[in-house]
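What follows is a short report on a single structure.
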């Protein structure tokens, strides 16, 4: 670290220290998961002392809340911007999917870390989870209703809710593991077996086509969900032969 003219080390600004702690936590949790990361690991990676983690976030649980809140804010801000216009259905869906993909591309590690801790049963983060659940439920219900779905139809909504995010999340999780987590030996083995995802070029052209295909898939699924269920034929009742009474 550089020294001042009087030979003293300059103080690190609180904002810079906090940012380093947050980024270190995001990276470690994305790669190891919540249980595989300690506060000491985070402090060592961020090059701060243990007290700094507690000072900025109140401990590991505070870091989890911050990760959830930061990702959620980016996610829903992008989604609300995409949903603001009155575009034709396919264009609107493609815009929403592109917005979600954009959030993952902007900070893939934050997205992966948030997914790993979002629904963990940890008392300290329950408030953030409940707020996330309530804050945007009405907006999403209106979106589904505009597509012909009944938000009160629980079986169908269980399919529709989170469908895009789960598909996008699965893709980016696999991509992140291929690029950052698997060992060189495993990578070499997978390449030998023809796993082309390892050499794919994930550029703008790739994601433009990806979003287009996902839009088609999503619209087909929503159309199927919104269609009335086919009438169920009642099973034919089996006739039982009646025996005439014996004559004595």
If we scan the range 32-39, do we find a residue that is outside the structural domain of residue 207 (by TED's automatic domain parsing), crowded, with 19+ Cβ neighbours inside 10 Å and at pLDDT 90 or above?
yes
Give 98, 72 a once-over and let me know the one that is in a helix (DSSP H, G or I), in contact with a helix residue (DSSP H, G or I) (Cβ under 9 Å, 6 or more places away or on another chain) and closer than 22 Å to residue 213 by Cα.
98
Please tell me if residue 137 is at pLDDT below 90 and within 30 Å of residue 220 (Cα to Cα).
yes
So residue 179 fits all but one of (1) over 28 Å from residue 88 (Cα atoms); (2) touching a residue at least 40 places away in the same chain (Cβ under 8 Å); what number is the exception?
(2)
So, residue 164, is that one closer than 24 Å to residue 89 by Cβ, touching a residue at least 60 places away in the same chain (Cβ under 8 Å) and surrounded by 13 or more Cβ atoms within 10 Å (Cβ to Cβ) or not?
yes
Give me a count of the residues in the range 75-95 that are free of Cβ contacts under 8 Å to residues at least 60 places away in the same chain, assigned to a helix (DSSP H, G or I) and over 14 Å from the mean Cα position of the chain (by Cα).
7
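The values are calculated or read from the model by the stated rules, or taken from the named source; none is laboratory data. Quick caveat, the model's predicted, so the values are computed rather than measured. Cβ coordinates were reconstructed from backbone atoms using ideal geometry, including for glycine residues, and neighbour counts include every protein chain displayed.
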